[in-house]
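Engineer: Have a look at this one before I ask anything.
What follows is calculated from the coordinates using simple rules that are stated; it is not laboratory data. Worth saying up front: this structure is predicted, and the values here are computed from it rather than measured. Cβ: placed from backbone, ideal geometry, glycine included. Neighbour counts: every protein chain shown.
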Amino acid sequence: MTVGFPYARTVLVVESYRGTQVNPGEPTRRYYLSSLPRDERAPQQWMNAVRGHWGGVANRNHWRKDACWFEDKTRSRNPNVVGALILLRNAVLRIYVDEQDTHPNLPGFTEAMAADTTYALRSITRRL
């Protein structure tokens, strides 16, 4: 298999099924690229790396955005609106990382931003 990434040395194909053991349904294939040689890890180690990556993404980003800002309950189906909200939430999460010494938890940070628009503006312009 050839991919257009010059440093990719390994392509992983993970096949999963959604359903039951009796009726597993159609397979879903996901592809992963790595700069490591294929023989660098055993198959189980590659799987652990994939699971660890997605577990970290869910814990670091998705869970926080959904638990604090109810991202999964976004009702709009307009891709421009949804995309803009995603960008805004990601930007605010990045600002939060820099402000954790002032506000140790995301709900407190969110409330401080909502309560004082000048604080929000200062936080954003400090990064420009």
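Engineer: Under unit Cβ charges (Lys, Arg +1; Asp, Glu -1), what dipole magnitude, rounded to 20 debye, does the chain have relative to its Cα centre?
Structural biologist: 280 debye
Engineer: Return P(r) of region 15-91 (all Cα-Cα pairs; 10 Å bins starting at 0; whole %; ordered from short to long distances).
Structural biologist: 14, 29, 33, 22, 3
Engineer: Find the Rg to Rh ratio for region 51-128, where Rh is the Kirkwood radius over alpha-carbon pairs and Rg uses the same atoms.
Structural biologist: Working: Rg = 13.4 Å, Rh = 13.6 Å.
Value, to two decimals: 0.99.
Engineer: For the chain, set up a GNM with springs between Cα atoms under 10 Å and report which of 100, 21, 45 has the largest fluctuation.
Structural biologist: 21
Engineer: I would also like to ask the following. Please return the longest stretch of the chain lacking exposed loop sites, where chymotrypsin sites (Phe, Trp or Tyr not before Pro) count only if DSSP places them in a loop and at most 15 other Cβ atoms lie within 10 Å.
Structural biologist: Working: sites that count: 7, 70.
Counting only loop sites that pass the neighbour cut-off, the longest clear stretch is 8-69.
Engineer: List, in order, the whole-Hz ³J(HN,Hα) value for each residue of region 79-93 obtained from phi through the Karplus relation with A = 6.51, B = -1.76, C = 1.60 and θ = phi - 60°; use x for Gly and Pro.
Structural biologist: x, 5, 5, 4, x, 5, 5, 4, 4, 5, 4, 5, 5, 5, 4
Engineer: Further, regarding this structure: Could you work out which residue, out of 61, 23, 90, moves most in a Gaussian network model of the chain, that is, has the largest mean-square fluctuation with Cα springs under 10 Å?
Structural biologist: 23
Engineer: Could you work out the helix-only [θ] at 222 nm for the chain, with each DSSP H run of four or more residues adding -39,500 (n - 2.57) and the total divided by the number of residues, to the nearest 500 deg cm²/dmol? Before the final figure, lay out the partial values.
Structural biologist: Values: 5 runs with 61 residues, N = 128.
Computed ellipticity for the chain at 222 nm equals -15000 deg cm²/dmol.
Engineer: What FRET efficiency comes out for the pair residue 90/residue 5, r = Cβ-Cβ distance, R0 = 22 Å, nearest 0.05?
Structural biologist: On the way: r = 24 Å, r/R0 = 1.07.
That gives a FRET efficiency of 0.40.
Engineer: Putting +1 on Lys and Arg Cβ atoms and -1 on Asp and Glu Cβ atoms, find which of 108, 17, 88 reaches farthest to the positive end of the dipole of the chain.
Structural biologist: The residue sitting most towards the positive pole is 17.
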